[in-house]
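J.: Provided herewith is a single structure, encoded as structure tokens, for subsequent inquiry.
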Amino acid sequence: MPFMFDSTILLMIPPLLLSLYAQHKVKSTFEKYSNVPSRRRLSGAQVAAQLLAAAGIHDVKIEAVPGYLSDHYDPSAKAVRLSEAVYNKQSLAALGVAAHEVGHAVQHNTRYSPLAWRSGIFPLVNIGSKLAMPLIMIGIFLPMFAAGMGELGGMLLNAGIVLFSITVLFQLITLPVEFNASRRAMDMLVQQGILTHDETRPTKRVLDAAALTYVAAAIAAIMTLIRFILIARRN
């Protein structure tokens, strides 16, 4: 049976549906609360600056970057990078996203263990992401087109699975990193008086929607790994 029609492909339907839902949820939630201005009338960049100062962090830059929801914290450059929809905007969505990225900067500053673990395995993930799928594909198809190559194909397939498992580990470690950054964000926004009581729930909805995308990615990675293991056992 050709690989693309293998029955194990059915394992990927639930994570695919979850991923589509998560993408829709984060986009619709962000757009909804991008139209809700905060009472303090602070921009995402201003909030990031205030929270960094309150945390005693004075060596992290705040930069504007192009793209939609391209916000991130770059630990190597020590920079909180905010998208156009966040940097100059005064919405609840912008405040939540900016505070989340500051949460990562605080994690970096306090040497938060899961963030350090994720950074530590990133070089392996970078290599594994490039080699895993080619090795898995060659391992599956090589015995089909070359007689006597079953053993070599199995070795390549297993090697690809090991490399892919590192990516799965990276996705799993990412979950506590992202959840913790969101929790820190909400705590800082409340402690600094940036959000009023009735603004906390909408802001949290933005962060929860974003977190769902990471959950979906982790589940998809796990199911893909299970699928490859089942194919390897069958072969």
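We did not get these values from a lab; they are worked out from the coordinates using the rules stated. It should be emphasised that the depicted structure is a prediction, and the values quoted were computed from it without experimental measurement. Ideal geometry is used to build each Cβ from the backbone, glycine not excepted, and the neighbour counts take in all protein chains shown.
J.: May I ask for the angle, rounded to the nearest 10°, between helix 13-34 and the longest principal axis of the chain, with both axes built from Cα atoms and the value confined to 0 to 90°?
T.: 20
J.: Also, I was wondering about something else. Taking trypsin sites (Lys or Arg not before Pro) that fall in a DSSP loop and have at most 13 other Cβ atoms within 10 Å as cut points, what is the longest piece of the chain between them? Show your work: numbers first, answer last.
T.: Details: sites that count: Arg39, Arg41, Arg111.
By the stated rule (loop sites, at most 13 other Cβ atoms within 10 Å), 112-235.
J.: Okay, next question. Pull up all non-local amide H partners of Ala64: gap of 5 or more, or a different chain, and H-to-H distance under 5 Å with H placed in the peptide plane.
T.: Leu82
J.: Something else now. ³J(HN,Hα) across the range 84-100 via Karplus (A = 6.51, B = -1.76, C = 1.60, θ = phi - 60°), whole Hz, x for Gly/Pro?
T.: Karplus-based 3J(HN,Hα) across the range 84-100 equals 4, 7, 10, 3, 9, 8, 10, 8, 5, 4, 5, 5, x, 5, 4, 5, 4 Hz.
J.: Further question on the same structure: Can you show me the helix-derived [θ] at 222 nm for the chain, built from DSSP H runs with n ≥ 4 at -39,500 (n - 2.57) apiece and divided by the number of residues, rounded to the nearest 500. If you can, show how the numbers build up before the last one.
T.: Numbers: 7 runs with 168 residues, N = 235.
Helix-only estimate at 222 nm: -25000 deg cm²/dmol.
J.: Here is a further query. Stick to Cα atoms and the Kirkwood definition of Rh, then tell me Rg/Rh for the chain. Don't skip to the answer; put the middle values down first.
T.: Details: Rg = 21.2 Å, Rh = 19.5 Å.
Dividing the radius of gyration by the Kirkwood radius yields 1.09.
J.: Modelled label-to-label distance, Ile222 and Arg183, 7 Å Cα→beta-carbon offset: nm?
T.: 1.9
J.: Give me the Debye-computed log₁₀ of I(q)/I(0) at q = 0.26 Å⁻¹ for the range 179-219, equal point scatterers on Cα only, no solvent, two decimals.
T.: For the range 179-219 at q = 0.26 Å⁻¹, log10 I(q)/I(0) is -0.85.
J.: How far, in nm, would the chain grow between Asn158 and Ser70 when pulled straight, counting 0.36 nm per residue and subtracting the alpha carbon separation?
T.: Values: separation 88, 0.36 × 88 = 31.68 nm, distance 3.48 nm.
28.2 nm is the gain from fully extending Asn158 to Ser70.
J.: Just want the ordering: Glu151, Glu101, Glu199, from fewest to most Cβ atoms lying within 10 Å of their own Cβ.
T.: Numbers: Glu151 9, Glu101 24, Glu199 20.
With the sparsest Cβ surroundings first, the list reads Glu151, Glu199, Glu101.
J.: Over the chain, what is the percentage of antiparallel beta bridges among all DSSP beta bridges, to the nearest 5?
T.: Values: 4 of 9 bridges.
Expressed as a percentage, antiparallel bridges in the chain total about 45.
J.: I would also like to ask the following. Which angle between 0 and 90 degrees, to the nearest 10, do you get for helix 150-191 versus the longest principal axis of the chain when only C-alpha atoms count?
T.: Its long axis makes an angle of about 10 degrees.
J.: Right, next: How many angstrom lie between the C-alpha centres of the range 67-94 and the range 19-50?
T.: Here the two parts' Cα centres lie 11 Å apart.
J.: Continuing with this model, one more query. Separation between the Lys130 and Asp59 pseudo-spin-labels, each 7 Å from Cα along Cα→Cβ, expressed in nm?
T.: For Lys130 paired with Asp59, the spin-label model returns 3.0 nm.
J.: Does anything in the range 44-81 have its amide N under 14 Å from the 7 Å Cα→Cβ label point of Asn88, and if so which residues?
T.: 44-46, 64-67
J.: Shifting gears a bit: In nm, what is the difference between 0.36 nm times the number of residues separating Phe122 and Leu11 and their Cα-Cα distance?
T.: Values: separation 111, 0.36 × 111 = 39.96 nm, distance 2.69 nm.
Answer, rounded to one decimal: 37.3 nm.
J.: Here is a further query. Report, ordered by chain and residue number, the lysines lying within cross-link reach of Lys204, taken as a straight Cα distance under 28 Å and ignoring same-chain residues fewer than 8 apart.
T.: Lys25, Lys27, Lys32, Lys61, Lys78, Lys89
J.: Which whole number of Å³ per residue matches the convex hull of the alpha-carbon atoms in the range 1-89? It would help to have the intermediate numbers written out before the result.
T.: Details: hull volume 13.7 nm³, N = 89.
Looking at the range 1-89, the number lands at 154 Å³ per residue.
J.: Continuing with the same structure: For the range 45-100, what class follows from the C-alpha gyration tensor (a ≥ b ≥ c being the square roots of its eigenvalues): rounded when a/c is under 1.5, otherwise prolate if a/b is larger than b/c, else oblate? Don't skip to the end; give the middle numbers.
T.: Numbers: a/c = 2.21, a/b = 1.25, b/c = 1.77.
Oblate shape, in that a/c is at least 1.5 and b/c is the bigger or equal ratio.
J.: Also, I was wondering about something else. For the range 128-179, what is the convex hull volume of its Cα atoms per residue in Å³?
T.: Spelled out: Cα convex hull of the range 128-179, divided by residues, is 52 Å³.
J.: Please state the shape class of the range 10-53: rounded when a/c is under 1.5, otherwise prolate if a/b exceeds b/c and oblate if not, all from the C-alpha gyration tensor.
T.: On the way: a/c = 6.88, a/b = 2.47, b/c = 2.78.
It comes out oblate by the Cα gyration axes.
J.: Sticking with this structure for a sec: Rounded, prolate or oblate: pick one for the range 111-235, where a ≥ b ≥ c are the square roots of the eigenvalues of its C-alpha gyration tensor, a/c under 1.5 means rounded, and failing that, prolate if a/b is larger than b/c, else oblate.
T.: On the way: a/c = 5.07, a/b = 2.95, b/c = 1.72.
Since a/c reaches 1.5 and a/b is larger than b/c, the shape of the range 111-235 is classed as prolate.
J.: Please list the non-local residues whose amide H lies under 5 Å from the amide H of Lys89, H modeled 1.01 Å from N, same-chain partners needing a gap of 5 or more.
T.: Gly44, Ala45
J.: Let me ask something else about it. Helix 44-54 versus the longest principal axis of the chain: what angle, 0 to 90°, nearest 10, using Cα atoms?
T.: The angle comes out near 80 degrees.
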